[in-house]
């Protein structure tokens, strides 16, 4: 099975909300970050084959990566664009479900990405200094 490339959604301003959130999480909750990073790695390795409890289908092409740390459920919302998985949004909940606003935002970002994948694909800035 070919490896799935995991890419991150980027706003037209150049901000990548999930990348920024992961950087903050790494400082605030190293174990939570490690769980999320491990799930992203599994997604790249297993792609469409990744199933519950690590991942689940929500609706309209949106899936979630599911990590739990204590009473907090970390969720990364993504969809498949060809062989790639585009991570669109993150959600935190103390319940089992995804807040409706987070799902709506993911669906909006999915539509933006599908309309112009190149403009909405985050690429890490490199310093050549």
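Values in this text are rule-based calculations from the coordinates and carry no lab data. Keep in mind that this is a model prediction, so the values were computed, not measured. As a convention, Cβ positions derive from the backbone with ideal geometry for all residues, glycine included, and neighbour counts pool all protein chains shown.
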Pairwise FRET efficiency - residue 3 versus residue 92, Cβ, R0 = 25 Å, nearest 0.05
0.30
Return the FRET efficiency for the residue pair residue 69, residue 20: r is the Cβ-Cβ distance, R0 is 30 Å, and the value is rounded to the nearest 0.05.
0.95
Using Cα pairs under 8 angstrom and six or more residues apart, how large is the relative contact order of the chain, in percent?
27 percent
Among 5, 118, which comes first, second and so on when ranked by fewest other beta-carbon atoms within 10 Å?
118, 5
Row for the range 36-98, column shape: gyration tensor on C-alpha, a ≥ b ≥ c, rounded if a/c < 1.5 i.e. under 1.5, prolate if a/b over b/c, else oblate; value prolate
Residue order, fewest to most beta carbons within 10 Å, for 121, 4
121, 4
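Report, please, the projected area of the range 1-76 averaged over directions, based on the convex hull of its C-alpha atoms, in nm². Mind dumping the intermediate values first?
Values: hull surface 23.7 nm².
For the Cα atoms of the range 1-76, the hull's average projected area reads 5.9 nm².
How much length, in nm to one decimal, is gained on full extension between residue 84 and residue 60, taken as 0.36 nm per residue of separation minus their Cα-Cα distance?
Length difference between fully extended and current span is 7.0 nm.
Grab the DSSP H runs of the chain that are 4 residues or longer, score each as -39,500 (n - 2.57), total them, divide by all residues and round the 222 nm result to the nearest 500 deg cm²/dmol.
That calculation yields -11500 deg cm²/dmol at 222 nm.
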Can you classify the range 68-121 as rounded, prolate or oblate using the Cα gyration tensor, where a ≥ b ≥ c are the square roots of its eigenvalues, rounded means a/c under 1.5, and otherwise it's prolate if a/b beats b/c and oblate if not?
prolate
Cα pair count fraction exceeding 25 Å, expressed as % - the chain
20 percent
Spin-label pair residue 31/residue 123, simplified geometry with 7 Å Cα→Cβ offset, distance in nm
3.9 nm
